[in-house]
Amino acid sequence: MASGSQKSQPVKFQAPKGTRDFYPDQMAVRRYIEGVWRKTSINHGFDEVEGPMFEHLDLYTHKSGPGIVSEIFQVFSGKDEEELAKIRGGAAAPYALRPEFTPTLARMVASKAAELPRPIKWFAIPQHFRAERPQRGRLREFVQWNVDFIGEESQRADAEVIATAIRALERLGLESKGITVKISNRDVIDDALRSAGVQTENIAAAMELLDKVEKLDRAEVQRRSQNMGLDITRFKDAIALKQTSANEAIAALEQARPLSVANGSLIDNQVISLISELGASGIVHWCEVDFSIVRGLAYYTGTVFEIIAEGERAVAGGGRYDKLIESFGGPSLPACGFGMGDVVLGNLLHDKGLLSEEHYLQDLRPDAFVIAADDEAAKHLPRIVADLRKQNFHVRHSYKTTRNVGKLLGDASKSRARNAVILGKELAENPPGIVIKNLQSGEQKELPLSSLPEELRIVQQQR
Ligand code: HAM
C-alpha cells in the first residue's frame, strides 16, 4: 500500500508541567490583571519597558544568587557544533529563559545610563520561567509585574513603589484586611548576624540560610549555623527589640500620633524614614516590620519587603539593590523595586470572588450582536456590521442560516453582548428601521438605522 494512503495515528500532546493554556476566558482574566497593573504604573509615573525572553546565562550567575540559578531553564540553539560539544561534555548552556527581570533591567540601565533621564522609573510585565516544583502559587511559567525606581537614594522611592503595588491591589478590589506588606532591612539583619558571631565571609551564606529556615529541618539549620558561627538565639534577640520598636512606630502613625524619640533611636535610620514615608503616603496601615523576611535573591542591599496574604505564598517581593547596576558596568545608582506574580494574585482574587465576568469582561463585551430576521435583512447584514465596526464598535453576528429570532437572541446573550440588533422587514422600507434590545435591562425599541450608533454609544456610557 502506498504510504500516502495510510492513516497516521493521532498523537495527543499535553502542555508541559507547570505551564498554562490560556483559553479566551483565562486570557481575559490575565489581560484584566495586566490592565490594572499597566494603568496603575502609568498613573504613578512609570514607563513601560521590555527585554528579551532569553538572556546569557551569566547574567543570572553574576548576582542573583544560587537559589534562582538552581531553577533556571537552560537554552541553546543546537546549531553551533562547538557549543553542542561543550554541552555534551557537561557544560551549562549559553542562554537561560529569564527567571526574573531585575538583571535585564540592570543591564539595560547600565548600558544607556548616561542618556536616560533621571530618575528612571520603569515597569514591565514579562513572562518568566523557573524550573520549580509546580504547586499552589508556584508554576514553571508565570507573568510578573515589575516596578522599579532607579536613581533615588531616599526611602521616598521605596515608599512609592510599595504604594504603587498597594494601589493596584486596591483597584482589583482587595483590602488591607488579611494582606500585609512585611518590611525588613538587610542592613539590620547584617548587623544582627555580626553581633551573633558571623564573620564577613559568611554573611551571604547566613542570609541564604535565614531565607530558607522555615523549609529546612531543625538539625540541618543547627548544622549550618554552627558551621558559620551563627548563634541563632543571639541573632533573634538582637533584632527582636528593633522589630517591636519599629511596629510601635507604625502603630503611632496609624493612630496619627507623632513618632517618639524612642522609636527613632532604636531602629536603623532607613527603617524609620521608610515608616515615615509610608505614613505620609497614607498606606502605613498595610505595613508591618518583620525582620524574618530576608529575600532569596543575593543582590538586595537595604530595605526588602514581601506582600503576604493570609494562607498564601508571597503575592509580591522586592527591595533595594543599590549595587547591582554598578556591578553590570554602569554608574553607581541607587535602585529599588518589586515583582508581583499573576499566580498567587489570581488565586487570591478568585477565592475572594473578585474575578467574576463583571470584572474581567468590562472592556470585552460586544456593543451589538446583529441578527437578520429574514433573508432580505441577511443581505444587508454584512454592510451594517462593517459600518459599525468602522465606527469602532465591537460587533458580532451569527454565522448560522437560521432566521429564528428566539434562537439568535440566545446566541446574542451567550456572546455577552450589551445589545441585540434585529434587522427585519422594516429594513427595506423608508426610512429603514431596526429593533434594538438592551440585553441587560431587557428593554426593546424600534429605531431608524441611522440612530443605531448613537444608541450604542448611550448604552456604552451606562456601564
Ligand atoms: P521574587 O520574590 O523571586 O522576586 O518574585 C516576586 C514574585 O513573583 C513572587 O512574590 C511571586 O508572586 C512571583 N513568583 C516567583 N516565582 C514564581 C513561580 N515559580 N510561580 C509563580 N509566581 C512566582 C523577583 O523576581 C525580583 N526580581 C523582584 C524585584 C523587582 N526586585 C526588585 N525589582
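The values are calculated or read from the model by the stated rules, or taken from the named source; none is laboratory data. Note that the structure is a prediction, hence the values are computed from the model and not measured. Every residue, glycine among them, receives a Cβ derived from its backbone with ideal geometry; neighbour counts consider all protein chains shown. For the accessible areas, the whole protein counts, side chains as well, though only heavy atoms, and no ligand, DNA or RNA atoms are used. Shrake-Rupley method; radii C 1.70, N 1.55, O 1.52, S 1.80 Å.
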Please name all residue pairs, on different chains or six or more residues apart, with Cβ atoms under 6 Å, provided the first residue is in region 176-203 and is under 16 Å from residue 301 (Cβ atoms) and the second residue is hydrophobic (A, V, I, L, M, F, W, C) and in a strand (DSSP E or B). 183/287; 183/289; 183/305; 184/304; 186/304
Does residue 355 fit the bill of being touching a Gly at 6+ places or on another chain (Cβ under 8 Å), buried (at least 18 other Cβ atoms within 10 Å of the Cβ), within 24 Å of residue 440 (Cβ to Cβ) and aliphatic (A, V, I, L, M)? yes
Could you grab me the full set of residues in region 59-78 that are without any contact (Cβ under 8 Å) to a residue 40 or more places away in the chain and in a helix (DSSP H, G or I)? 61, 69
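Against the condition assigned to a helix (DSSP H, G or I) and in contact with a helix residue (DSSP H, G or I) (Cβ under 7 Å, 6 or more places away or on another chain), how does residue 274 come out, does it pass?
Working: assigned to a helix (DSSP H, G or I): yes; in contact with a helix residue (DSSP H, G or I) (Cβ under 7 Å, 6 or more places away or on another chain): yes.
Yes; evaluated as a whole, the condition is true for this residue.
Count, please, the residues in region 96-118 that happen to be open to solvent by less than 10 Å² (accessible area, probe 1.4 Å), among the β-branched types (Val, Ile, Thr) and near the ligand (Cβ under 10 Å from one of its atoms). Walk me through how you get there before you give the answer.
First pass over region 96-118, keeping only residues open to solvent by less than 10 Å² (accessible area, probe 1.4 Å): 96, 98-101, 103-106, 109, 113.
When the remaining residues are screened for being among the β-branched types (Val, Ile, Thr), the result is 104, 109.
In the following step, the residues that additionally are near the ligand (Cβ under 10 Å from one of its atoms) were identified as 104.
The number of residues fulfilling the criteria is 1.
Name the single residue that is nearest to the ligand (Cβ to nearest atom) among those in region 137-147 being part of a strand (DSSP E or B) and either more than 15 Å from residue 98 (Cβ to Cβ) or over 15 Å from the mean Cα position of the chain (by Cα) (or both).
Kept after step one, since they are part of a strand (DSSP E or B), are these residues of region 137-147: 138, 141-147.
Restricting the remaining residues to those that are either more than 15 Å from residue 98 (Cβ to Cβ) or over 15 Å from the mean Cα position of the chain (by Cα) (or both) gives 138, 147.
Numbers: 138: 4, 147: 7 Å.
Selected residue: 138.
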Cβ-Cβ under 7 Å pairs, at least 6 apart or on other chains, region 328-345 side of a type in the set (Asp, Glu), far side within 7 Å of the ligand (Cβ to nearest atom): 342/142
Condition test on residue 41, is it touching a residue at least 12 places away in the same chain (Cβ under 8 Å), of a type in the set (Ser, Thr, Tyr), open to solvent by less than 90 Å² (accessible area, probe 1.4 Å) and closer than 24 Å to residue 140 by Cβ? no
In region 327-371, anything under 21 Å from residue 459 (Cβ atoms) and either within 12 Å of the ligand (Cβ to nearest atom) or assigned to a strand (DSSP E or B) (or both) is listed as 368, 369, 370, 371
If the Cβ limit is 7 Å and pairs must be 6+ apart or interchain, which residue in region 222-237 that is at pLDDT 90 or above pairs with which residue that is surrounded by fewer than 13 Cβ atoms within 10 Å (Cβ to Cβ)? 229/199
